[in-house]
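Please read the structure below before turning to the comments.
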């Protein structure tokens, strides 16, 4: 069969001559046309000489760098988010590391149906022993961090299998797994790998972690300009997985690295409309796309809270999510709560927000309505405000999404208390309103920690609670309360192998020493 260079105009199917199979079956005339998108292979030196463009090296270890130049200005504009100029005489290379958003020209449902994976399909990966161990570690340990609140447990079951045929996803999984595994002590690493059946064990060090992380970034850059890459759920899962690496590495850094931030935002925005529009369709099953999307939203909420910055996902997109009904699943109620959380973040940290009293009261009413309308399954199966001797209340839950809801409500309570517009102009002191605000913040932190210590099976819950402790440390003056919070952060670091835990303890001490005591 000849090389497919001019497929049928009607159906763009096979290149059979004189007519393609579909046209021959339907009895219509088969009309050929040249493809609209063509790629020109040349060395970077040749391209630089011909166009005067700066040299661009692709992520490859080869001595000869190949550049793929889009010869169609309209398609270049699609990726560059610029107006198309048919008269342009010189093709320009695509240099953006991540795809940009394009307005929908068809229905979201049809866009998803027509979306394909990147054009080069990789065979099932042949993993090294180290890579296989890291993939297994992700499946058995880290996947649970993502799957809290996910009814399908996609990151524990689907993602490891998808990673075997998706190089960017595989690199993201291995990079994240290596980062966490490398923080364990050598004895712990050996214990885990010996449990895998390796008699001599295996250790992962920092150079291995950097190697996998750089390889992941290179892979994401290489596929970002593939047709329909922006709608590929595997790539969305890869960027969300990579963000976990950075979310845990620098949660309180005011200017965190942007490796995955822009990529996550672009993929989330692109896949939000079709994902949310399918939510009300009961015939559409929950899959990896939905799982990855809502993990990304939850990550963005926690990062916006810890860094005290605006939400980076547009609210008008999140508002496409339909209000849950009596028959909705518990995870759908949690997603609605996360949408409300995004609005609270916007109210508190976005300069464009209307911080009026009426807007504030509206958010409080929405929070109270969610609590009043959510299913009874969100109530703790066992609750005791007496605590465990350390002062934290007991809150036992049977499902991860109920934990997410309880802790998210705690974060919302903290934000609404601290950014109450009625407190504007109130001087620092012990006024009645300030006392009530301080009480609300402290009770919310105590509740969040109580959820975590009562459900220690969830490492994610412990880490999330530690965020609240560090951000609200200034409100705790009692030395007994401070000591209980110190112990909490130490236990979180010990149980979850959370590497920034030491820095979090230092932050607590700096805050409390500056306030005296």
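Which members of the range 187-212 meet the condition of being surrounded by 18 or more Cβ atoms within 10 Å (Cβ to Cβ) and within 18 Å of residue 139 (Cα to Cα)?
Of the range 187-212, the ones surrounded by 18 or more Cβ atoms within 10 Å (Cβ to Cβ) are 189, 192-193, 204, 208-209, 212.
Within the range 187-212, 189, 192, 193, 204, 209, 212 meet the criteria.
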Considering residues that are farther than 13 Å from residue 469 by Cβ and more than 22 Å from the chain's Cα centre (by Cα), the number found within the range 489-502 is 3
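Being in a loop (DSSP other than H, G, I, E, B) and modelled with pLDDT of 85 or more is the filter; apply it to the range 187-207 and report the residue that is nearest to residue 497 (Cα to Cα). Break it down stepwise before answering.
Taking the range 187-207 and keeping what is in a loop (DSSP other than H, G, I, E, B), we get 196-205.
Adding the requirement that they be modelled with pLDDT of 85 or more leaves 196-198.
Details: 196: 20, 197: 23, 198: 22 Å.
The qualifying residue nearest to residue 497 (Cα to Cα) is 196.
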The number of residues in the range 447-468 that are over 18 Å from residue 402 (Cβ atoms) and surrounded by 23 or more Cβ atoms within 10 Å (Cβ to Cβ) is 1
All conditions in (1) at pLDDT below 80; (2) surrounded by 24 or more Cβ atoms within 10 Å (Cβ to Cβ) are true of residue 241 except (1)
Scan (1) within 27 Å of residue 332 (Cβ to Cβ); (2) within 18 Å of the chain's Cα centre (by Cα); (3) surrounded by fewer than 21 Cβ atoms within 10 Å (Cβ to Cβ) for the single condition residue 154 breaks and write down its number. (3)
Note on residue 385: of the conditions (1) more than 27 Å from residue 485 (Cβ to Cβ); (2) more than 27 Å from the chain's Cα centre (by Cα); (3) free of Cβ contacts under 8 Å to residues at least 24 places away in the same chain, unmet is (1)
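The values are calculated or read from the model by the stated rules, or taken from the named source; none is laboratory data. All of these numbers come straight from a predicted model, not from anything done at the bench. In this analysis, Cβ positions are derived from the backbone assuming ideal geometry, glycine residues included, and neighbour counts consider all displayed protein chains.
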